[in-house]
Amino acid sequence: MQPTEFSKCACRHCQGHIEFPDGAGGQTIACPHCGQLTDLPAVIPAAGKFPWRRGAIALLVLVTATIGLLGLKKSRMISPPETMISPATNAPVALPADEATTNGFAIAAFKLEKTAGSSLVYVTGSVRNLNAQQRFGVKIIFNLLDTNQAAVGNASDYAPTLEAHGLWKFKALVMESKAATASLNSIREDQ
């Protein structure tokens, strides 16, 4: 299975950052920031000079993520929510006792939410900046799981800035039709 490649563009209405799987290029979607319809640019696959590169990068990311998660959980620096969300009810299956905190952010319960009058589905929720300083290039990534809890993809959203102690209501577009639940993968700031 080849890893999904992602591309980026800006909404033609609000200039908000949109990240999407290359396979979605050429589609018209509702902007996760302003809700206006915007076109995703068609993506032309790059001719690979290094055919082994995708596999090596995927392996490196997998090993790094595994080591990082094991180290963070062991040191209790991260407490990601174990909340799974049911898209049928838009309600959490199990709510955490409090917000989960990681990397100076507090993540409240999130859910898969279908847009009324549309087939678009988003992971929605909110993030608070716990720091007394503005944060730049904040990206949140969710793992998408099917009804058997098998991974079917990722959804992400991006905020160019997040004010000190500010609140960000994210809306990560779900491109996988088999997604039934979501779990937090990571939240980080560009360095």
- [ ] Note down all Cβ pairs under 7 Å where the first residue falls in the range 140-165 and is outside the structural domain of Ala24 (by TED's automatic domain parsing) and within 19 Å of Cys9 (Cα to Cα), the second is part of a strand (DSSP E or B) and of a type in the set (Ser, Thr, Tyr), and they're at least six residues apart or on different chains.
- [x] Ile140/Ser156; Ile141/Ser156; Ile141/Ser186
- [ ] Identify all residues within the range 163-174 that are within 11 Å of the chain's Cα centre (by Cα) and aliphatic (A, V, I, L, M); write none if there are none.
- [x] Ala172, Leu173, Val174
- [ ] Inspect all residues belonging to the range 25-37 and state whether any of them is over 18 Å from Ala159 (Cβ atoms) and at pLDDT below 80.
- [x] no
Task: Hey, Leu112 at pLDDT 85 or above, within 26 Å of Lys169 (Cα to Cα) and exposed (fewer than 15 other Cβ atoms within 10 Å of the Cβ) or not - done: no
TODO: Would you confirm whether any residue within the range 3-18 is over 17 Å from the mean Cα position of the chain (by Cα), under 29 Å from Ala150 (Cα atoms), not acidic (Asp, Glu) and not assigned by TED's automatic domain parsing to the domain that holds Gly153?
DONE: no
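The values are calculated or read from the model by the stated rules, or taken from the named source; none is laboratory data. As the structure is a computational prediction, the values presented were derived from the model and not from experiment. Heads up, the Cβs are rebuilt from the backbone with ideal geometry, glycines too, and the neighbour counts pull from every protein chain shown.
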